[in-house]
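Working notes, beginning with the structure itself.
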Amino acid sequence: MIPFNDTEELKTFIDQIRNFFSHETDASLNLIQALATNHITQAKTVAELSLSKYFKRGFSSLFRAIEGFHSPRKARKCRKESRQKARRRILNFLLEKALLPNNRVYRFFLDITGITKKHSPKTADRSYVYSNGKIDIGHLYSCICLGSGEGWMLPMSMERIPSAENKIEFAVSQIVPMLEKVSKESLSICVGDSGYCCNKFIQPLSKYDGVVTITRVRNNKVMFSKYTDCKKGPGKKRIYGDKYRLTKSSLPEPDLVKIIEEKTSKGKIQKVKIYLYKNYICRGSKGYKMSDVPTNFVRVEIYKEDGTKKYDRDLWLEVVGKRKDQLLLEDVYFAYKERFDIEHFFKFGKSKLLMDKFQTTDPQREENFILFGMIAYHVLYCCKKLLNDVSLRKWESKKRVSPNSPWRIFRAAANSEIFDVIENSDLKKRGIPTDKNIRKIFTQRSNKPIVRKFLNRPKLELSIKSMFENTVRISKTSINIDPNSQNLLLEQITNKAQEICSKVWPQAG
């Protein structure tokens, strides 16, 4: 995404976003402006955003904009479809703006953050989440950001993970549509922490030609050399050769060693020694075969100026992809080092853009408000050139501070009048419809249970016996049972039965 050079480009960008809001248009744009200039309002809750000078209506319109920016109030039947369509159009628009035509390398960063809902018993689908260094109750969100190389992490998608789904498989289904929109000539690098080094994430993405995954490796990871002897005759061929544990000292000889110097934020020079172990394989798991996926392992050691090691543990990275050899060793190291900026985005989004401050019992409204926060973050990034000089104070210098950081641009947007150029239509008097007065309807919601994940989940064993001429075939499978959801169990049984039938009778399709 290219930052704006004048206010006319900002006005055009806002007008394009306006087209995606089919209803509550003025209130939706006012909400984005109020989020981007929250430094002046100092709002601690979502309702206090209505005190901003850019929000023209009352606080009740603020919540109507969050709930109904995609459909009218009375159209409750098609509201789910219109919501998904509007969200998809907005996310596609942000992705198209971020994908520059002349860029050949794109770095996607993945992580999961938790939003606590500890004192909200009416909220559905709550589970135990890890947030702010402790275990709490709430929702998990899978976030995918596009790195800009300047400390900004542009959020491309931030979706809530249902408690019944696996978070890694959900992240794969979330990022695949984005990778398909990238041109085939460009290289897409997907970077994740140690939670993404499993086969569920690496194996599906290794099938794409222009995708390379870089993940941190867990300490219990084991790598194998490929067995080269060719066995003749019947029987299964041996695949795995010598076994190496990353925590042991008995490692193979590296294929390449490179030493670079790096300057820290405090001005000190540290030496970075990078080792490359090329084309090793790992053990697979059920449904994810890894024996035919060659993997490069990268080991990073950091030394101080006096020659002593800075960290006791070495950094191990796993690089997988058909074009993995196009990346230099220092590119792999700096790509993973940039991943930590997504943590800064989480802190900025929750503290300044109030992404975790929306109090509601409907998870869909919470997702809608997070979408508005993502749009406000993109608007701030696009305005960083216009607010470069405004963000500096009288006693600050460009040599010592970063005037383009998200916090300084956020402060400068509130102190400037850059959003005054955006024209808003005349306000029309609106009231609650007389045929359906929501103030006269009071319903008491029931408490929702907290979804717990079991270590040893109960399993349902299924076996189907079929006859084909004189041959008897028995197909067996097992399904993890969720005691809290009967509909999910019926859906899983139906899907497994269709899968087994397609294997037994492939001619039937």
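The values are calculated or read from the model by the stated rules, or taken from the named source; none is laboratory data. Note that this is a predicted model, so its numbers are computed, not measured. All Cβ positions, glycine included, derive from the backbone under ideal geometry; neighbour counts span all protein chains shown.
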Do we find that E253 is loosely packed, with under 15 Cβ neighbours inside 10 Å, modelled with pLDDT of 90 or more, part of a strand (DSSP E or B) and among the charged types (D, E, K, R) in this structure?
-> no
Please specify each residue of the range 81-110 satisfying the condition of being at pLDDT 90 or above, basic (K, R), surrounded by 18 or more Cβ atoms within 10 Å (Cβ to Cβ) and part of a helix (DSSP H, G or I).
-> R87
Search result, residues across the range 204-241 that are of a type in the set (D, E, K, R) and modelled with pLDDT of 90 or more = K207, D209, R216
Would it be correct to say that F224 is of a type in the set (F, W, Y) and under 27 Å from R104 (Cα atoms)?
-> no
Among residues of the range 1-32, those that are in contact (Cβ under 8 Å) with a residue 24 or more places away in the chain, over 20 Å from L154 (Cβ atoms) and outside any helix (DSSP H, G or I), counted | 5
When only residues in the range 372-410 that are among the β-branched types (V, I, T) and surrounded by 15 or more Cβ atoms within 10 Å (Cβ to Cβ) count, which is nearest to N92 (Cα to Cα)?
-> I375
In the range 111-140, what count of residues is obtained for those that are small (G, A, S), assigned to a strand (DSSP E or B) and closer than 17 Å to R365 by Cβ?
-> 1
Kindly indicate whether R64 is basic (K, R) and either without any contact (Cβ under 8 Å) to a residue 40 or more places away in the chain or outside any helix (DSSP H, G or I) (or both).
-> no
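How many residues, within the range 33-51, are surrounded by fewer than 21 Cβ atoms within 10 Å (Cβ to Cβ), assigned to a loop (DSSP other than H, G, I, E, B) and touching a helix residue (DSSP H, G or I) at 6+ places or on another chain (Cβ under 9 Å)?
2
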